[in-house]
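Let me begin by presenting the structure, written as structure tokens, before commenting on it.
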Amino acid sequence: MNLGCTKNQVDAEIMLGTLAANGFELSADPDKAEVVIINTCGFIEEAKQESINTIIEHGELKKSGSCKVLIAAGCLAQRYQGDLLKELPELDGVVGTGEIGKIADICKKLLQPKKRHQRVFISQPPYLYDEMAPRIRLGHSHSAYVKIAEGCNRNCAFCAIPIMRGKQRSRPIESIVAEARQLAAEGVKELNLISQDTVNYGVDLGIRQGFTALLKQLVKVKGLRWIRPFYLYPQQVTDELIALYAGEETLAKYIDMPFQHINDAMLKRMHRLGGKADITALVEKFRSRIPGLTFRTAFIVGFPGETDEAFSELKAYVEEMAFDRMAAFLYSDEEGVPAEQMDGKVDRELMQERQNELLAVQEPIALAKGRALIGRTLEVLVDGAPEETEHLLEARHEGLAPEIDGVVYINDGVAKPGELVKVKITDATTYDLVGHIVDSPSSVPTVPRRAPAVLHR
Ligand code: SF4
């Protein structure tokens with residue numbers, strides 16, 4: 001059972017691959033499993049609570065199901081280690097983020113009846129998978145996440161990730177390129193590059209401008225349509241990097257760059273490098289040099305010391321800059337992070353109000369940007385039929401990242417998952433688009449789909 005972010009998902013995929021490669025039979029049904037592994041998230045309060053509830057829920061299977069061994073892996077396990085065992089007696093083992101490569105041995109150990117006392121398998125998280133690691137990918141077969149590095153050297157005052165994932169460790173460029181080739185050979189069209197601090201890639205390997213050097217190699221990999229990096233910190237962005245984005249067809253014209261705040265005093269308190277002027281200049285540089293760019297960012301509201309004035313400045317900024325995608329998160333008071341000791345805590349209700357206000361500013365912007373695409377014909381990657389109906393297909397254009405952005409609903413035409421087709425956009429809602437296929441590799445004359453032309457959300 002996998003929880004949390006895409007980096008955790010890659011860990012889960014490696015654990016599945018390692019277990020299968022060591023003779024374990026995998027089951028999607030926890031009721032039937034002898035070993036149940038909950039790959040937890042420990043980022044913020046809500047995520048921690050969800051992980052604990054999931055462990056307790058699956059703990060019941062030890063009474064009713066065939067579960068003999070219940071394991072907590074992932075960030076919550078790394079963060080709380082033995083304390084998690086004390087709090088949750090249903091757990092048999094806690095496996096840290098540095099131990100996922102040993103998951104098969106750990107399961108074998110815990111399955112031995114005499115050895116089934118609670119055990120902690122934790123080490124400082126040195127582990128970083130490579131292209132040889134067995135992996136069973138979750139999600140769409142045509143879109144894959146590739147973890148290019150693990151950990152983070154920064155010290156953002158609200159963030160517990162360095163506590164759970166350690167210092168930055170980058171995979172060698174050769175290993176990432178080898179994996180990208182393998183994935184392209186398996187039919188992957190979209191390569192999503194993930195790490196905690198992507199622009200800092202390679203700094204620990206002594207590679208100058210490592211991220212740019214990596215992209216220069218990845219764009220040579222045949223068969224990929226979009227290479228989509230995530231989690232760019234607004235620093236170390238060179239003109240060369242921007243030119244690469246502008247000039248390389250396979251580099252998705254999509255920037256994912258969380259700013260967290262825009263008020264200079266808040267950015268300083270958050271231990272974020274750079275100020276409002278730097279950030280604004282960077283956004284304008286990206287936008288002026290990369291035509292058709294989609295800019296995604298994220299902000300935290302309610303950070304200790306956030307005044308009404310600072311928040312109003314943020315709101316006005318979101319309105320003025322009109323980002324294509326904007327996420328707003330509530331500050332979460334995390335143990336062991338610098339902000340925990342800070343004064344000026346904002347009460348939860350006010351935080352919630354500010355989050356709602358910021359999203360309310362973004363909604364008309366998102367709708368207007370969607371409506372501006374009506375009448376345009378866009379290249380989209382088909383993901384497949386949505387869960388709710390077989391009469392539509394879900395797809396995404398270059399500016400729509402998997403799982404975190406909206407989709408293009410196709411209500412007429414034929415295509416298979418993983419195919420790139422041309423769609424004429426006929427309608428838009430706040431986050432989604434609607435359209436019909438005008439050109440597709442699978443375009444054989446068939447009975448057209450009859451589906452509602454417009455979706456109401
Ligand atoms: S750069 Fe990201 S992962 Fe690193 S400390 Fe800051 S918020 Fe956390």
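Values for this structure:
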quantity	calculated
Test: residue in the stretch 347-360 that is in contact with a helix residue (DSSP H, G or I) (Cβ under 7 Å, 6 or more places away or on another chain) and among the acidic types (Asp, Glu)	yes
The listed residue being among the charged types (D, E, K, R), under 16 Å from residue 427 (Cα atoms) and more than 27 Å from the chain's Cα centre (by Cα), out of 376, 371	376
Inter-residue pairs, beta-carbon under 8 Å, first more than 15 Å from residue 93 (Cα to Cα) and modelled with pLDDT of 95 or more and in the stretch 29-57, second part of a helix (DSSP H, G or I) and among the charged types (D, E, K, R), 6+ apart	41/48; 41/50
Test result for residue 307, in the same structural domain as residue 266 (by TED's automatic domain parsing) and in contact with a Gly (Cβ under 6 Å, 6 or more places away or on another chain)	no
For residue 127: the one exception among (1) free of Cβ contacts under 8 Å to residues at least 40 places away in the same chain; (2) within 16 Å of the ligand (Cβ to nearest atom)	(2)
Among (1) open to solvent by less than 20 Å² (accessible area, probe 1.4 Å); (2) assigned to a loop (DSSP other than H, G, I, E, B) - the single one residue 430 does not satisfy	(1)
Boolean, residue 328 is open to solvent by less than 30 Å² (accessible area, probe 1.4 Å) and either within 16 Å of the ligand (Cβ to nearest atom) or not in a helix (DSSP H, G or I) (or both)	yes
Meets criteria (surrounded by 17 or more Cβ atoms within 10 Å (Cβ to Cβ) and at pLDDT below 95) for residue 449	yes
Considering residues of the stretch 238-253 that are assigned to a loop (DSSP other than H, G, I, E, B) and buried (at least 17 other Cβ atoms within 10 Å of the Cβ) only, the residue nearest to the ligand (Cβ to nearest atom)	252
Residue within the stretch 133-151 that is over 23 Å from residue 104 (Cβ atoms), within 16 Å of the ligand (Cβ to nearest atom) and in contact with a helix residue (DSSP H, G or I) (Cβ under 7 Å, 6 or more places away or on another chain) present	yes
Residue within the stretch 155-172 that is away from the ligand (no atom under 16 Å from the Cβ), assigned by TED's automatic domain parsing to the domain that holds residue 272 and either modelled with pLDDT of 90 or more or in contact with a Lys or Arg (Cβ under 7 Å, 6 or more places away or on another chain) (or both) present	yes
Selected residue [in contact with a helix residue (DSSP H, G or I) (Cβ under 9 Å, 6 or more places away or on another chain) and at pLDDT below 95] from 334, 306, 319	334
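Conditions (1) without any contact (Cβ under 8 Å) to a residue 12 or more places away in the chain; (2) in a helix (DSSP H, G or I); (3) away from the ligand (no atom under 12 Å from the Cβ); (4) of a type in the set (Phe, Trp, Tyr), marked per residue:
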residue	(1), (2), (3), (4)
255	no, no, yes, no
262	no, no, yes, no
271	no, no, no, no
279	no, yes, yes, no
282	no, yes, yes, no
285	no, yes, yes, no
291	no, no, yes, no
295	no, no, yes, yes
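The values are calculated or read from the model by the stated rules, or taken from the named source; none is laboratory data. This structure is a prediction, so every number in the text was calculated from the model and none was measured. Don't worry about glycine lacking a Cβ; one is built from the backbone with ideal geometry, like all the others, and counts go over all protein chains shown. Ligands, DNA and RNA are excluded from the accessible area calculation, which covers all protein heavy atoms including side chains. Shrake-Rupley method; radii C 1.70, N 1.55, O 1.52, S 1.80 Å.
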